[in-house]
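Heads up: the structure comes next, in structure tokens.
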Amino acid sequence: MAPFLELPEVPRLRLAGLTAPACFVVGATGADGLTRLDLDIVGGRIAAAEGEPDATVETGGAFVLPAPVDMHTHLDKGHIWARTPNPDGTFESALASVGADREACWSAEDVRARMTFALEAAYAHGSRAIRTHLDSIPPQHRISWPIFGEIKEDWAGRIDLQAVNLVGIDRVDDGPEFREIAETVAAHDGVLGAVTYPVGDLDQRLDTFFQIAAELGLDADFHTDETLDPASATLRNIALAVERTGFVGRVVAGHCCSLSTQTDEVAAEIIGRVADAGIHIVSLPLCNLYLQDRQAGRTPRYRGVTLVHELKAAGVPVRFASDNTRDPFYAYGDLDMLEVMREAWRIAHLDHSDDDWIRAFTTGPAETCGFAAAGLAPGDPADLILCRARSWTELFARPQFDRIVLRDGKAIDRRVPDYARLDALME
């Protein structure tokens with residue numbers, strides 16, 4: 001598909017008449033939180049539109065966004081659906097199916113091929129940085145983490161990568177197994193992770209978790225309350241553990257589905273504790289819609305999306321991300337953050353709300369994860385997405401298949417990898 005704009009390669013290129021979210025432009029105001037601006041690109045970076053450019057492209061109001069950051073993915077699980085589908089779409093079957101596939105198939109070659117495939121798609125869609133969780137139940141951590149390290153080097157300059165170990169909270173203790181996992185994470189400049197759910201000694205395990213994270217200088221990232229059962233309120237436990245241990249690293253909690261089924265009073269109490277503890281929340285609306293409240297023969301009543309509006313109103317940094325891709329936890333997806341934006345806008349009613357929600361997919365995740373800042377300000381890298389749209393409704397009404405992705409100010413080849421390339425792995 002031909003790009004809708006032709007961008008000449010010149011020393012100073014001006015993109016004139018762009019439509020941009022006003023929250024990215026200092027001092028800008030406009031209807032629906034949008035503004036018009038001209039951007040100059042010089043040496044792969046954004047420059048103020050001053051002086052005479054070498055070429056000017058009239059964009060016709062094309063929508064411009066900074067390249068997104070996808071801060072919660074599972075590159076190691078991705079694209080196994082063809083050989084190990086979820087038989088009934090439930091969370092329990094997803095756990096069992098992935099566990100069986102991991103034990104049978106996750107060699108270094110298999111993990112590398114699928115991760116690379118997923119990254120090629122993410123790059124073509126426009127993402128500039130990704131945080132992935134890696135299943136780290138021994139002995140898988142000795143396979144996946146070294147492969148991740150090699151892939152991280154291979155993709156430097158295209159997608160910045162960061163990884164989090166994924167194990168259940170019941171494996172977190174001060175014994176040699178979890179210590180080895182944590183030291184593996186530290187050796188790869190990663191983030192310490194765990195899945196929290198109600199266990200009898202949860203507080204003790206969380207204290208140990210934060211003690212080890214502090215010793216190794218690691219931030220923390222949890223899968224939290226991925227259920228609609230209000231009896232699962234481990235987000236509160238995490239917040240209390242942060243306060244109790246005095247942990248000073250960045251803490252992220254993902255999913256937090258059961259917060260949506262608490263009473264208003266309980267939800268407000270938990271949200272207050274989260275705000276006090278400085279925890280960042282990442283919502284995964286596509287995966288949560290797929291798994292939560294799924295019962296055979298019954299229409300789902302609940303979305304499974306956490307209380308993003310209430311959390312943001314309380315001062316909690318709220319982000320959105322892709323989560324799983326074509327595996328038993330989510331049968332669809334392609335690590336396309338523009339798709340995540342489009343669906344989250346509808347699912348979570350981000351329209352008719354604050355004008356800066358777009359930060360939750362772009363500069364916000366970068367800040368949370370510590371990736372380099374990249375917005376629309378002079379000096380920022382010209383890592384951009386241009387879409388044939390002039391308003392929010394035009395942007396999200398279509399999938400934007402003909403978007404233009406700029407990296408260092410130059411349009412990239414947006415062809416996505418062919419699924420047939422994975423056929424041999426699926427046999």
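The values are calculated or read from the model by the stated rules, or taken from the named source; none is laboratory data. Computed from a predicted structure; not experimentally measured. Cβ coordinates were reconstructed from backbone atoms using ideal geometry, including for glycine residues, and neighbour counts include every protein chain displayed. Please note that ligands, DNA and RNA were not included when accessible areas were found on the heavy atoms of the full protein model with its side chains. Shrake-Rupley method; radii C 1.70, N 1.55, O 1.52, S 1.80 Å.
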Note to self: Please go through segment 107-143 and give me each residue that is open to solvent by less than 10 Å² (accessible area, probe 1.4 Å) and hydrophobic (A, V, I, L, M, F, W, C), ordered by number.
What the structure shows: Val111, Met115, Phe117, Ala118, Leu119, Ala121, Ala122, Ala124, Ala129, Ile130, Leu134
Check: Across segment 6-39, what is the number of residues that are of a type outside the set (Ser, Thr, Tyr) and either part of a strand (DSSP E or B) or crowded, with 16+ Cβ neighbours inside 10 Å (or both)?
Finding: 21
Item checked: Total residues in segment 341-379, condition under 13 Å from Pro21 (Cα atoms) and among the basic types (Lys, Arg) -> 1
Next item on the list: Collect the residues in segment 171-206 that are within 16 Å of Pro138 (Cα to Cα) and either touching a Cys at 6+ places or on another chain (Cβ under 6 Å) or open to solvent by less than 10 Å² (accessible area, probe 1.4 Å) (or both), keeping them in residue-number order.
Entry: Val172, Phe178, Ile181, Ala182, Val185, Leu192, Gly193, Ala194
Check: Asp76: of a type in the set (Asp, Glu), open to solvent by less than 20 Å² (accessible area, probe 1.4 Å) and farther than 18 Å from Arg359 by Cα, yes or no?
Finding: yes
Check: Quick one: which of Ala55, Ala47 is without any contact (Cβ under 8 Å) to a residue 60 or more places away in the chain and in contact with a Leu (Cβ under 9 Å, 6 or more places away or on another chain)?
Finding: Ala55
Checklist line | Residue satisfying condition, being without any contact (Cβ under 8 Å) to a residue 60 or more places away in the chain, loosely packed, with under 15 Cβ neighbours inside 10 Å and either closer than 29 Å to Tyr197 by Cβ or not aromatic (Phe, Trp, Tyr) (or both), within set Pro146, Pro87 | finding: Pro87
Check: Here are Arg298, Arg273: which of them is touching a helix residue (DSSP H, G or I) at 6+ places or on another chain (Cβ under 8 Å) and among the basic types (Lys, Arg)?
Finding: Arg273
Next item on the list: Working carefully through the options Ala331, Ala397, Ala314, find the one that is open to solvent by 10 Å² or more (accessible area, probe 1.4 Å), under 19 Å from the mean Cα position of the chain (by Cα) and small (Gly, Ala, Ser).
Entry: Ala331
Next item on the list: With respect to Ala82, determine if the residue is part of a helix (DSSP H, G or I) and of a type in the set (Gly, Ala, Ser).
Entry: no
Notebook entry, point to check: Among the residues of segment 207-233, which ones are in contact with a strand residue (DSSP E or B) (Cβ under 6 Å, 6 or more places away or on another chain), open to solvent by 20 Å² or more (accessible area, probe 1.4 Å) and closer than 17 Å to Leu95 by Cα?
Noted result: Glu226
Note to self: Give me the helices (runs of 4 or more DSSP H) completely within segment 91-157, filtered to those with at least 1 residues that are of a type outside the set (S, T, N, Q) and under 30 Å from Asp402 (Cα atoms), ordered by residue number.
What the structure shows: 108-125, 141-154
Next item on the list: Give Gly27, Gly51, Gly17, Gly78 a once-over and let me know the one that is more than 30 Å from Leu284 (Cβ to Cβ) and within 29 Å of the chain's Cα centre (by Cα).
Entry: Gly27
Notebook entry, point to check: Is segment 277-295 home to any residue that is of a type in the set (A, V, I, L, M, F, W, C) and open to solvent by 40 Å² or more (accessible area, probe 1.4 Å)?
Noted result: yes
